[in-house]
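In what follows, a structure is listed as structure tokens, so that the remarks can point back to it.
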Amino acid sequence: MALRWFSLFLGLIALQGYLAFSPLPEENWDEEWATFAQTMSDPAYRLPNSTTPSRYEVTLSPYLTTVPASVQNASPFTFDGTVAITIRATQQNVNEIVLHCNDLTISSLTVSLASTPATNIAVNQAYQCQMPWSFLRIPLTTTLQINQDYIISSTFKGILQTNMRGFYRSWYIDQSGQRRWMATTQFQPGHARQAFPCYDEPGFKAFFDITIVRESDFSPTLGNMPIRSNATLSDGRISETFYTTTLTSTYLLAFIVSHYTVVASGTDPLRPFYIYARNNVVDEGDWSLEIGEKLLVAMENYTGYPYYTMANNIIMQQAAIPDFSAGAMENWGLLTYREALILYDPLKSNHFYKQRVANIVSHEVAHMWFGNLVTCAWWDNLWLNEGFARYYQYYLTARVAPDLGYETRFIVEQLHVSLLSDSVDSAHALTNPAVNDPTSVSAHFSQITYGKGACVLRMTQHLLSDSTYEKALRNYIRQNAFDVAEPDDLFTALDGAAAEDNALTDYGSITVRDYIRTWSEQGGHPLLTVAVDHDTGRMTVTQRRFNVNTGVSEIPSVWLIPLTWTRAGAVDFDNLKPSQIMSAEPIIIERVTRGREWVIFNKQQSGFYRVNYDTVTWSLITQALRDNSRRNQIHEYNRAQIVDDVFIMARAGLLSYTRAFNILSFLEFEDQYAPWIAAIAGFNFSRRRLAHNATLLAELESNIHTLSRAVTARLGFSERPNESYMDGLLRMYVNTFLCNIGHAECVEAGRTNFANWRQNNAYIPPNMRPWVYCTGLRYGTAEDFTFFWTQYLQEDLASEQVVMLTAAGCTRDQNSLGIFLNAITAGSNDYTIRDQDYSTALNSALTSNEENTLVAFEWLQQNFQRTAAALGSINSPLSTITSRLLNEQQITEVSNWLQVNQALIGQSAYNSGMNGINSARNNIQWYNRRVSEYQSYFETGYVDDLLEDSTTSSTSTTTQAPTTVPTTPPDGNGASRIQPILLFLVPLGCLCKYIML
């Protein structure tokens, strides 16, 4: 139960962060990791390397609906098992074997030489899983001999878990309306030990021979490999033995006992590819099959390592799991997914889910090479698995489905989100050998590991060139296949290819290892400050570590930064090969031209850093962005970069909001995807901060209505025939945002479409449903909610269920919101909302309307015991509610209740509530400090700074001239080579509290 509330808490945080840039909730990929942290504590939790396995023989007999009369001490939702592990000692005088087990009852255990199996050298005693370490310690009567095979043999019993971890049970309704139980697995990173005793760390690779004994009326069991043989046992159960796996880690094993059927299959018998799901799935697996086969070929071509040669009899299977804590899992040969992320119905699933299915299938397919074939040795280097998979889920999918806009969406979905995650002093490094304690393990399964890892790899690819980078990765895979890897193995491959292709000759003696370690071994990222002397054309560039609280960090940090830039007189956003690598600050770059001319650094935002400019240069950029004939000369990704950088630098105090909104005024003329998704994120932060002042919030929202004129004029409020995929996706996001802030045309369209749906059963196109559902409920009645909720209860497509749960909290009817909250807290015996969707539903209920905060608090006061029983704790809803309080009157009311009920709700919940109140007060303080900047802009509107400034040169206060002036290289841009310059400080700006809601 504790896992449920902790998972819920983390899910709410992730959803709130994601909702800053997308109206639809992101399934929380990182949540799965944080809940595992408590099993992976300090170094005492690591297995010794004194023995190592080479082969397992595992037999498991799960009992789902019936237990044979011949089986004693078993009940439904348990399993019996046996395991025989072949091991060797790796050092002398080993007198104890240590491996993992958790929540298993060991019935018997022996250790013997393989050559003399009848002689047991394990101490004769009762064996138990030692908690909290999850160790199975086996003392020996004699020491192990080097270069000899030993067999650990054990029989045991286990429980089919209910928390979507280890070997666990799930359920679904089949085509006959019958509830079906199933058993499935989720072992990453340390839950194979709940299925059988094992060496449950990624570095202990072995071969596995797995047998599953199932009930006779179930479908054939699914596993990593195809079934090699089967037999009917005397009790009528079916024993199915799979082909031997490839050399693999325990976390990549999987098996599914169910009534599943094949819902889509490939056509090439030499390349077996199947999609499995419940039998009432019709053609919802077709898209994942189509895109999956293309992605598999793309990865084979890219890596030069064919998938179907990785093991004899290897297969590609993908299964849709109804209850799944992770978004998806890369089990070798049996990839598992939440239903919403593999089943797609073009008549009911919106564009988000079309690209998301392809996106996640690509991520898991990429893992077959980056993670499975070559595995990180320990979780401190998880980015070697996840950074690659996150990048290629965009980069390679863009190759096979270019119309889905993956390269564009990478900018706003990964780069911008990762920069924000990485913008506090506590941000962890990609590589950290100290990842053993729960906090650091949890942190490494984060947006930084996944997203920043992907961004650094993308930056490196642009530095080296596509061909050199691809060559390096092929070498890396070939040299480390079926083994574990450290970052140095990757660096060696990258430097080898770079040397062979002379890819770094323009950058002096810098190596890839030198460069990439500055990005992988320290947290955070740089802020570049560019001050242009427009009289001389000299550009002074400095770097400091960015901090969203204070503007710049006090932590001394220097990166090797690949620089790209372009200027108005010679616009070139396409050449992404860096002109130089910045290694010290400040440096001077010769623009070559004189006079006022905009410059923009970080072309197509290919580098992982932010950029600030002097006042005149910002004004020149603003003028260009506001000019219809010049705006599109600036690449869409750089327009999105400017939006994101300006919003975040204003939040941090490096720019005033008066200045920021002056720059962002160009959005009135902007109608493209990336800038507007970046704008939604920034506006949502400002809306939340101005919620303390209804009048000022209304002014902000009125300003946004004005700024959205171009994008709404182009897209409108209904689907258009033959429009591009990206336009349909953008309309869905923009209209969800605009309806949320009361845009009159959007609200009218939403209410009309909802009414037609309810009254006339009119079809609502999937891309319109998120904002139509929400708007219809927000401006509707209790009867509207009743109709809507009835439709939800009848829906069986998981992606549509999530869309509806996201919209349900939009109701302003108090009784309807109570019905929704009751459903969320109904407990495990109610199947209205699955556990995996609690965070989505609760976030919707608590945050969809400002008034929901106090309504939900009133409900929680009457139902805190029910909530604690269902969710394990009231910490998450209480923390969210209290952090959203808007004034001292609300804070006093809630604080008094917390004080009076402290003993009843418990100290942990009380602390969560008080911490939320501290966040609310910090929000109020932030508002009080910054509100005048908003007021100033709303009073004046856009002001052309250059008309007021008669000077020619810049007026920067952030830099001073360095003592050394670089020479100009023949690089076509007039960019100078790097020179070592003395460090100097950039002013901090105002101190602003980092609060991410």
Worksheet entry | Test item: Cα-centred dipole of segment 105-199, Lys/Arg +1 and Asp/Glu -1 on Cβ, debye | 360
Worksheet entry | Under 29 Å between alpha carbons - lysine pairs in the chain that sit 8 or more apart or on different chains | 15
Practice prompt. Two decimals is fine: what is log10 I(q)/I(0) at q = 0.05, 0.06 Å⁻¹ for the chain, from a Debye sum with one equal scatterer on every Cα and no solvent?
Written response: -0.31, -0.46
Discussion item. At 1.4 Å probe radius, can you tell me the per residue accessible area of segment 464-573 in Å²?
Written reply: 34
Discussion item. Among 219, 764, 113, whose Cα projects farthest towards the positive end of the dipole of the chain, with charges put on the beta-carbon of Lys, Arg (+1) and Asp, Glu (-1)?
Written reply: 113
Item to complete: Give, in nm to one decimal, the length gained when the segment between residue 719 and residue 786 is fully stretched (0.36 nm per residue of separation minus the Cα-Cα distance).
Response: 21.4 nm
Worksheet item: Excluding residue 157 itself, what net charge comes from residues whose Cβ is under 12 Å from its Cβ, given Lys and Arg +1 and Asp and Glu -1?
Response: -2
Worksheet item: Around residue 882, what is the net charge, scoring Lys/Arg as +1 and Asp/Glu as -1 over all other residues with Cβ under 14 Å from its Cβ?
Response: -1
Worksheet entry | Highest to lowest packing among 89-95, 882-888, scored as the average C-beta count within 10 Å | 882-888, 89-95
Response to the item:
Dipole check, the chain, charges on Cβ (K,R +1; D,E -1), about Cα centroid: among 65, 773, 332 the Cα furthest to the positive pole belongs to 65
Discussion item. Nothing charged except the Cβ atoms of Lys and Arg (+1) and of Asp and Glu (-1): what's the magnitude of the dipole of the chain about its Cα centre? Round to the nearest 20 debye.
Written reply: 640
Response to the item:
With the dipole of segment 475-616 defined by +1 on each Lys or Arg Cβ and -1 on each Asp or Glu Cβ, the option from 589, 560, 503 whose Cα lies farthest towards the positive pole is 589
Response to the item:
With +1 on the Cβ of every Lys and Arg and -1 on the Cβ of every Asp and Glu, the dipole magnitude of segment 207-249 about its Cα centre, in debye rounded to the nearest 20, is 120
Discussion item. With a 1.4 Å probe and all protein chains left in place, how much accessible area per residue does segment 719-803 have, in Å²?
Written reply: 39
Worksheet item: Pulled fully out, how much extra length does the chain show between residue 92 and residue 627, if you take 0.36 nm times their separation in residues and subtract their Cα-Cα distance?
Response: 185.0 nm
Worksheet item: Rounded to the nearest 0.05, what FRET efficiency is calculated for residue 850 and residue 928 with R0 set to 22 Å and r the Cβ-Cβ distance?
Response: 0.70
Worksheet item: Between residue 695 and residue 709, 0.36 nm times their residue separation minus their Cα-Cα distance comes to what?
Response: 2.8 nm
Worksheet item: Under a point spin-label approximation (7 Å from Cα along Cα-to-Cβ), what is the residue 795-residue 481 distance to one decimal in nm?
Response: 4.6
Item to complete: Could you calculate the FRET efficiency of residue 173 with residue 231 from 1/(1 + (r/R0)^6), where r is the beta carbon distance between them and R0 is 22 Å, rounded to 0.05?
Response: 0.10
Fill in: P(r) weight above 15 Å for segment 826-913, C-alpha pairs, percent
58
Worksheet, complete the sentence: Judged on accessible area alone, 1.4 Å probe, highest first, 395, 673 line up as 395, 673
Practice prompt. Return one whole number: the accessible area per residue of segment 218-360 in Å², for a 1.4 Å probe.
Written response: 29
Response to the item:
By the mean-Cβ-within-10 Å protection proxy, highest first, 276-287, 334-345 rank as 334-345, 276-287
Practice prompt. Provide the FRET efficiency to the nearest 0.05 for the residue 119-residue 377 pair, computing r from the beta carbons and using R0 = 35 Å.
Written response: 0.50
Discussion item. Let me check I've understood the local charge: for residue 136, count other residues with C-beta under 15 angstrom from its C-beta, Lys and Arg +1, Asp and Glu -1. What total comes out?
Written reply: 0
Discussion item. Order 900-909, 565-574, 353-362 from most to least packed using the mean count of other Cβ atoms within 10 Å.
Written reply: 353-362, 565-574, 900-909
Worksheet entry | Residue order for 784, 425 - accessible surface, 1.4 angstrom probe, largest first | 425, 784
Discussion item. Need the C-alpha centroid separation for segment 696-732 versus segment 321-342, integer Å.
Written reply: 34
Worksheet entry | Accessible-area order (highest first, 1.4 angstrom probe) of the listed residues 699, 800, 554 | 554, 699, 800
Practice prompt. Express the carbon and sulfur contribution to the solvent-accessible surface of the chain as a percent, rounded to the nearest whole number, probe 1.4 angstrom.
Written response: 48
Worksheet entry | With DNA, RNA and ligands ignored, accessible area of residue 240 (1.4 Å probe; Å², nearest 10) | 10
Practice prompt. List the relative contact order of segment 89-205 as a percent without decimals, with contacts defined as Cα pairs under 8 Å and 6+ residues apart.
Written response: 29
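The values are calculated or read from the model by the stated rules, or taken from the named source; none is laboratory data. This structure is a prediction, so every number in the text was calculated from the model and none was measured. Cβ coordinates were reconstructed from backbone atoms using ideal geometry, including for glycine residues, and neighbour counts include every protein chain displayed. Heads up: the accessible areas ignore ligands, DNA and RNA and are worked out on the full protein's heavy atoms, side chains in. Shrake-Rupley method; radii C 1.70, N 1.55, O 1.52, S 1.80 Å.
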